[in-house]
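For reference, the structure is listed below as structure tokens.
The values are calculated or read from the model by the stated rules, or taken from the named source; none is laboratory data. These numbers come from a predicted model, not from an experiment. Here the Cβ positions follow ideal geometry from the backbone for every residue, glycine too, while neighbour counts run over all protein chains shown. Quick note on the areas: whole protein, heavy atoms, side chains included, nothing else; ligands and nucleic acids left out. Shrake-Rupley method; radii C 1.70, N 1.55, O 1.52, S 1.80 Å.
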Amino acid sequence: MERRLWIGRWWSLIAFGFALSSPAQEALRDSLAGEKAAAERRKAIQSQAYNLKLGPVSFALDSSLGVELNDNVNLSEAGHQDDLILRPVVSTRAFWPVSEKNALNFSAGVGYAKYLNNPAYDRLVVAPGSELSFDLFVKDLRFTVFDRFSYTQNPIDAGSLSGVANYGALENTAGANAAWDLYKVVLSAGYGHLTWMSSTPLFDYLNRASELFNSRAAFSLNPALVAGLEGTGSLTAYDNRFLHDSLGYSAGVFAVWKLTEKLQVQSHAGYVSYSFDTGGPVTSAANPSTYYSAVSIEHILNEYITHSIEGGREVRLGIYSDFEETYTLRHSTAWKIIRGVDLGTQLFYEHGTYPPSLFNSPGSPTVVVPGETYDRFGAAVTLSHQLMKKLSASVGYRFTLKNSDSTSRDYAQNALTVSLTYRF
């Protein structure tokens, strides 16, 4: 039992450190998503966050209703479309301890977005983080078999998008991870099969499947410092030949350093490379071989104020080209300066770029598909209050501004949201 707790402690620490900033390639991103989900499950179990019980199975059930007033749902420089959006959501989480060492976990958030002015944008939503997983412990080994899924259509999450209101995908990753606890060394490896299917016909050319591989060796150098090596590989094949299939890999180092009880630093960095196939109607830029990096700092100033700073550089598969590069910087603060009210603030900056491509259609002249370099700035503030034991309310405002070197790809968006959440 102590060995299981040791694994849980280690991976909670590592997952917490890296969930804040996704790494450079899909395989490691998928691995960290799984570790984040496992850490959340352990946190829920420890805090007894389940509110219903059916035999040996514990459940948590929440429902919420959000109302959003948005002045630019289509992210346009001109021709803004404003709307009032209703967002009912039901979330559930289940935990079934099949035996002392094995457990089945399920979590899902399902909702709907109803656009009153533009009903063509109505959409179903399955929240990221929804998953079905089975944890199995065999002596010093932990095995997790999982299926993680989501269905989202939110273009504001992708900096390279402008002029669209619907973007997203049905995304499903099925696979397995294993971790071997060797006391002060934990070795882990994982595999996932990712299926990405666009939620709108406009982006069907992005439909793809990926084989994702990851491995990691974590060393406890002292009670306050965990560091190690990480590596990934990916094979991606698109359903059509507009963008190119690819082979990607990365290798790097990471560290999680708890400087004091109130200050923790996480970082990772390494080398990433993609090799893209040739042929098809699009001729793209050279294959990227570069670095990825991320640093995050979390600081508890006092009992009233906690804040974090995170930033990094990422290379990932693109939307309008084979790949895109982004630099991000984000600052978040949680304030407890008003009795009974939680205040959260956030500032972010993103610099992104993707290269131009040539589109060759038989019998037609070659067309240059322009690349783009852009900067995005944003700010958000949220106030939340526990109205009753099971009922809470929140109100939030978010502003996003994009400046692009491409014509008609600038935009500004304001969004005001009010929501009620009831926990059964």
remark   = For region 276-339, the per residue accessible area (1.4 Å probe, Å²) is 51
message = Only four residue types carry charge here, +1 at the Cβ of Lys and Arg and -1 at the Cβ of Asp and Glu. Report the dipole size of region 266-354 about the Cα centre in Debye, rounded to the nearest 20.
response = 260
task = Would you mind getting me the FRET efficiency between Leu170 and Asn222? Use the beta-carbon distance for r and R0 = 60 Å, nearest 0.05.
result = 0.85
query = Under a GNM of the chain (C-alpha, springs under 10 Å), which listed residue has the highest mean-square fluctuation: Thr152, Thr306, Thr173?
reply = Thr306
remark   = Summing +1 per Lys or Arg and -1 per Asp or Glu among the other residues with Cβ less than 11 Å from Gln153's Cβ gives -1
request  = Take Ala412, project a point 7 Å from its Cα along the Cβ direction, then tell me which residues of region 61-86 have their backbone nitrogen under 15 Å from it.
outcome  = 71-73, 75-81
note = Expressed in nanometres to one decimal, the distance between label points 7 Å along Cα→Cβ at Asn207 and His385 is 4.9
query = Restricting attention to region 347-424, which trypsin sites (Lys or Arg not before Pro) occupy a DSSP loop and are surrounded by at most 15 other Cβ atoms within 10 Å?
reply = Lys389, Lys390
message = On a straight-distance basis, which lysines could pair with Lys184 in a cross-link, Cα separation under 23 angstrom, same-chain partners fewer than 8 positions away excluded?
response = Lys36, Lys43, Lys101, Lys139, Lys258
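Counting only heavy atoms of the protein chains, get the accessible area per residue of region 87-216 (1.4 Å probe) and round it to a whole Å² value.
Working: 5770 Å² over 130 residues.
Heavy-atom SASA per residue in region 87-216 reads 44 Å².
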remark   = Net charge near Asn302 (other residues with Cβ under 10 Å of its Cβ; Lys, Arg +1; Asp, Glu -1) is +1
task = Compute the FRET efficiency between Val253 and Leu187 as 1/(1 + (r/R0)^6), taking r as their Cβ-Cβ distance and R0 = 22 Å, and round to the nearest 0.05.
result = 0.90
message = Nothing charged except the Cβ atoms of Lys and Arg (+1) and of Asp and Glu (-1): what's the magnitude of the dipole of region 333-424 about its Cα centre? Round to the nearest 20 debye.
response = 760
remark   = Expressed in nanometres to one decimal, the distance between label points 7 Å along Cα→Cβ at Asp239 and Val90 is 2.9
message = For Lys262, give me every one of the aspartates and glutamates with a C-alpha distance below 20 angstrom, ignoring sequence neighbours fewer than eight places off in its own chain.
response = Glu298, Glu303, Glu310, Asp342
request  = Could you work out which residue, out of Val57, Val367, Val315, moves most in a Gaussian network model of the chain, that is, has the largest mean-square fluctuation with Cα springs under 10 Å?
outcome  = Val367
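Please give me, ordered by residue number, the GluC sites (Glu not before Pro) of region 273-319 that lie in loop per DSSP and have at most 15 other Cβ atoms within 10 Å.
Numbers: sites: Glu298, Glu303, Glu310, Glu314; in loops: Glu303.
For GluC sites (Glu not before Pro) across region 273-319 that sit outside H, G, I, E and B with at most 15 neighbouring Cβ atoms in 10 Å, the list reads Glu303.
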Given charges at Cβ of Lys, Arg, Asp, Glu: the chain dipole, positive-most of Leu52, Leu391, Leu347 = Leu52
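Rounded to the nearest 500 deg cm²/dmol, what is the calculated helix-only ellipticity per residue at 222 nm for the chain, with -39500 (n - 2.57) per DSSP H run of length n ≥ 4? Display every interim value, and only then the final one.
Details: 2 runs with 38 residues, N = 424.
Helix contribution divided over all residues of the chain: -3000 deg cm²/dmol.
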request  = Identify, among Gly163, Thr328, Thr278, the residue whose Cα sits farthest towards the positive end of the charge dipole of the chain, taking +1 on the Cβ of Lys and Arg and -1 on the Cβ of Asp and Glu, with the dipole about the Cα centre.
outcome  = Thr328
ask   = Dipole size in debye (nearest 20) for the chain around its Cα centre, Lys and Arg Cβ +1, Asp and Glu Cβ -1?
value = 1680
query = Anyone know which of Ala379, Ala334, Ala286 comes out most mobile in the 10 Å Cα GNM of the chain?
reply = Ala286
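Report the net charge of residues surrounding Gln386, where surrounding means a beta-carbon distance below 12 angstrom and charges are Lys +1, Arg +1, Asp -1, Glu -1. It would help to have the intermediate numbers written out before the result.
Values: positive: Arg339, Lys389, Lys390, Arg423; negative: Asp342.
With Lys, Arg at +1 and Asp, Glu at -1, the neighbours total +3.
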Candidate lysines - alpha carbon under 28 Å from Lys402, same-chain residues fewer than 8 apart omitted = Lys114
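Rounded to whole Å and sorted largest first, what semi-axes of the equivalent ellipsoid does the C-alpha gyration tensor of the chain yield via the square root of 5 times each eigenvalue? Working shown, then result.
On the way: eigenvalues 230, 166, 96 Å².
Calculated on Cα positions only, the semi-axes equal 34, 29, 22 Å.
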note = region 113-129 scanned against label point 7 Å out from Phe59 along Cα→C-beta; backbone N under 14 Å for none
